[in-house]
1. At what distance in angstrom do the alpha carbon centres of the range A:465-529 and the range A:722-748 lie from each other?
2. Considering only DSSP beta bridges whose two residues both sit in chain A, what percent are antiparallel, to the nearest 5?
3. Could you give P(r) for the range A:292-478, binned at 5 Å from zero, as whole percent values over all Cα-Cα pairs?
4. Subtracting the Cα-Cα distance from 0.36 nm times the residue separation, let me have the gained length for A:ASP189 to A:GLU764 in nm, one decimal.
5. Using only Cα atoms, what is the ratio of the radius of gyration of the range A:986-1034 to 2.2 N^0.38 Å?
6. Taking A:LYS798 as the anchor, which lysines have their alpha carbon closer than 22 Å to its alpha carbon, excluding any fewer than eight residues away along the same chain?
7. Quick one: of A:LYS40/A:LYS75; A:LYS990/A:LYS1026; A:LYS896/A:LYS1008; A:LYS658/A:LYS730, which pairs are farther than 23 Å apart, Cα to Cα?
8. Let me know the whole percent of all Cα-Cα pairs from chain A that are separated by more than 52 Å.
Amino acid sequence: MQRFSDITPIMDYNHRDTEARWQKYWAENKTFSASIDHNKPKFYILDMFPYPSGAGLHVGHPLGYIASDIFARFKRHKGFNVLHPMGYDAFGLPAEQYAIETGQHPAITTEQNIKRYREQLDKIGFSFDWDREVRTSDPAYYKWTQWTFIRLFNSWYDKAMQKARSVEELVAQFKKNGNSHIDAASTYDFIFDAAQWKAMDEAAQADVLMHFRLAYLADTLVNWCPVLGTVLANDEVSEGFSVRGGHPVERKNMKQWSLRITAYSDRLIEGLDRIDWPENIREIQRNWIGRSEGASLRFLLADNPDKHLEVFTTRPDTIFGVTFMSVAPEHEYVELLTKPNFAEEVVKYVKHARNRSERERIADAKTPSGVFTGSYAINPFNGKAVPVWVADYVLGSYGSGAVMAVPAHDSRDYAFAKHFHLPIVEVIKGGNIAEEAFESKEGVCMNSGFLDGIIAREAIGKAIEYAEKNKVGYGRINYRLRDAIFSRQRYWGEPFPVYYKNGIPCTIDESQLPLALPEVDKYLPTESGEPPLARAKNWSTAEGYPYETATMPGFAGSSAYYFRYMDPQNKDAYFSKEAVNYWKSVDFYVGGAEHATGHLIYSRFWNKFLFDLGLVPEDEPFRKMINQGMIQGRSNFVYRVKPEEMAEFVLWEMIQNKQLGFEFKKEFRDGTRRFDFYSEELRVIIEVKSRENLEKLLPAYTEYAKENNFKLLLFSIVDVILHTDEVLAKIKRALAGKVFPMFEVIEEWEESPIFVSANIYGRENYSYPIHTDVNLVSNDILDVDAFRNWRPEFNNAKFILEGDKYVCGWEVEKMSKSKYNVQNPDDLVEKYGADTLRMYEMFLGPVEQSKPWDTNGIEGVYRFIRKLWRLFIDDEENLIATNDAPDGAELKVLHKTIKKVTEDIERFSLNTCVSSFMICVNELGDLKCRKRAILEPLSILISPFAPHIAEELWNKMGHSESISKADFPICNEEYLIESTVKYPVSFNGKMRFLLEVAAGTSKEDVEKAVLAAPESEKWLEGKAPKKMIVVPGKIVNVVI
RNA sequence: GCGGAUGUGGCGUAAUUGGUAGCCGCGCUAGACUUAGGAUCUAGUGCCGUAAGGCGUGGGGGUUCGAGUCCCUUCAUCCGCACCA
């Protein structure tokens, strides 16, 4: 059937035509192209660039992009030179996985996905400067990733100067003085002098330098994932399984490239206080870096006085309570410590502990495990010998891999001591050590020699002082942060600019960059287990030295991409000095909180490194950041009936509690026979089964009824559900003694699924929910016919309705295909337009908050857009704006909105802006305002949110230039001044009425007016008020 | 277990410094216009109550003339970390 709107052209806002036209205009005119302009303040606003996955964008992805785009457009109106670029994090596992499955080169898949992303992004009307697009998989881009790697390789970290320096300078030092005067972030423990350095051959020197380089190759205990055939970073592993794909991960020792991010631990912590980031992200990073202050103490071995165990403790104040020591199974002294008669046990334990997967260790965390080595160590404070154990609650990778155990004041040591019956010595007063460890630092020291009587918190410093004076230890800060493993045994990533010259790793010359990713025949590891690049032909330098076969991890390309946007086409440099000194760093960064311990920490590290080299002017990359919330799906459910359970439920509801005058029981058993319902009084049995079953069993039932003198009523499931009244009538007749066949079928019925509406009584007793496609549902009402057509098995479905509607259940879940709750932005843009989508995504709530996507509300925003249009344009599509001078009421509406919107955008409260626009348009509609002086500023106000319609209106009002070049309106407070104040008058804090007085009325006069108001009489009840509070311009409170 | 965040109508939310709780939108109810509506417009809509009025921001307690907002306590949900010495 044709609808009215199909046959009569109604002059309504046509978003399809308008939006396409302006998107084309922006692209052709390069409206949002940014260039260095020293006459304007710069503003760099950046989104975390996406990984272009095959699934395309869903409604959740653009949330952050829309928010940042609004901000970018706003800043342009405010006179800033805005850099707002976009690109793609294009290397990654899914494309490679797909390549392995199909043989398709990942570059091709990636290209296709990017194309799709771009189409989707373009339709939403973003103001990106696409000329600055970067892709991490583009050789022209990853050239600079490799270039940075070479710089890292050629740098070491000088702790004294707190900065990275070149390895050349380090070598010069070695030649002059050896390494004794150097305070470097290093894993090198030996001391050599200049002569010794010079005596080393090239390989030995290279080996020493490796311990200093910021990018270094080392044997590392890594997270090896056999299924993926690669090593994973710590943040890619969760509870012993890979985050992506959920495959088991094991610990394995391998030669890996790593980045010495730990050198920057302190600066990474310190910088957190200087950046405007959400507190939770900063807290996560603080925990991840895990700075703890304490002491390193030396315990000499009782039988081996020239060797010692080094421990790290945050509680040197408890040293007199040490009753044993524990070392990690991987500790280098395990063998040395183990006495012959304990060797068997220790070897067995260490082997067992090593082989345990991370997951097993976690599962067993509650039961301590360990074994005594037979050795003792000497407490440097009191000379007592304590036993040394091997225990896997001690981590080899933290501190020194050994702990001094103080069971009285550490809960892990306590559990261990209890389990193995080791002594517990209390040295801090205040707890009950018979029950649990007392970990507070507020207690007073006891049994602690010179520390006795001091508060534990203060004793820490005294103990360190003592240790340093007696040369048995020193104050020390430890970090939880580990170096970042930088090798991946993968194809689709940046090749390392590294070759091996007689086994010595060297970086290629910068002039040779980029080292392009080679072609391979397959994207799998070789038969001998080497990474895919080992398959490439001639994967070696011109001299024949083999290249590194691992590739870089996902975070390599994303760690400093924001610099490349500043000068993306530069062939000679990463970025020009001019560009970086103009754009400096990102002023505003928008992206997901899930990158807290990955990208967001690596970027800060890379940025600080580039800062140390003097390449960039600021040491933090992202000055301000907000994290957009996740958009969850809103799933809809239909409830499929389990017919037999439903029939029994329905019947029981009718006959229980003597409703028919007789007591019925559920479940009557007679030997092996079982019946559904039974009345002892009348000897009546009711049984519900499928028709087929009843027919089959009819002879047996007949016989049983006869033998035992029962009256038997058999009903088919279908009849009970669909002909409940007739069934009930038959039961009543039977109870009244009437005679009729024990079984008859009311309706023949083919097998078909039955669905019950959500609010039908008892539903949860006899049905189970199944997901239905949200596109078949509107306001939780199911389109029954569409549902029948959805899948063949439902095309004869029956529905139990509420009234005439089938109401679906709903739940908030992850947005995913399998839950049929995915909302795709293209469909919504097609139906409602990009402006509506943009505004609706903002209208949903604060950007930072996670929330379910519910398409229902979008109609309201769509109506608003059309209302806005009609404020300017009549039915014949003519502009109706007049040049009349606006009146006070109109100006007040406009300036109120200017004020609210400006303030709200600045504090990133975009949902409330949308509300304000709606209020403004409603109020101007009520005032029948058609005045250009009001409408023109309004269109600029709204243009960051709904840029297409704003451009169209601006254009219709006679402007030839894009609205994005217009100045943002400024609020004139004069228009907001009220001549009267409406005081809410409260009595004892409860608001009772409003009282209007002239603005500027004195407190005393307001009080008088309140008392004189007729409404007051009732509330005063004849009493005089005890007190009156008048807050000028705000409220009046009368206390009685 | 530790750390952090959040709890407001049927739903998404608003209330910027302690000052009229529920703005805006969805949904719902009634009406208007229509041959027709999943269009548009008007009015209503926190809960209880015919009304007067009472009750209401997860629960309990407190500070205050006044508390969604501050303090104490408790519950629930979500997120992060999880043998880090």
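1. 82
2. Percent antiparallel among DSSP bridges in chain A is about 75.
3. Each 5 Å bin holds this share of Cα pairs: 1, 9, 17, 21, 21, 16, 10, 5, 1, 0.
4. Length difference between fully extended and current span is 200.2 nm.
5. So the Cα radius of gyration is 1.09 times the expected 2.2 N^0.38 Å.
6. Within the straight-line cut-off, A:LYS798 pairs with A:LYS642, A:LYS689.
7. From the list (A:LYS40/A:LYS75; A:LYS990/A:LYS1026; A:LYS896/A:LYS1008; A:LYS658/A:LYS730), the Cα-Cα distance tops 23 Å for A:LYS896/A:LYS1008.
8. Of the Cα pairs, 46 percent sit more than 52 Å apart.
The values are calculated or read from the model by the stated rules, or taken from the named source; none is laboratory data. It should be emphasised that the depicted structure is a prediction, and the values quoted were computed from it without experimental measurement. All Cβ positions, even for glycine, are placed from backbone atoms using ideal geometry, and neighbour counts span all protein chains on display. Ligands, DNA and RNA are stripped out before the accessible areas are found, and what is left, the full protein with its side chains, is counted by its heavy atoms. Shrake-Rupley method; radii C 1.70, N 1.55, O 1.52, S 1.80 Å.
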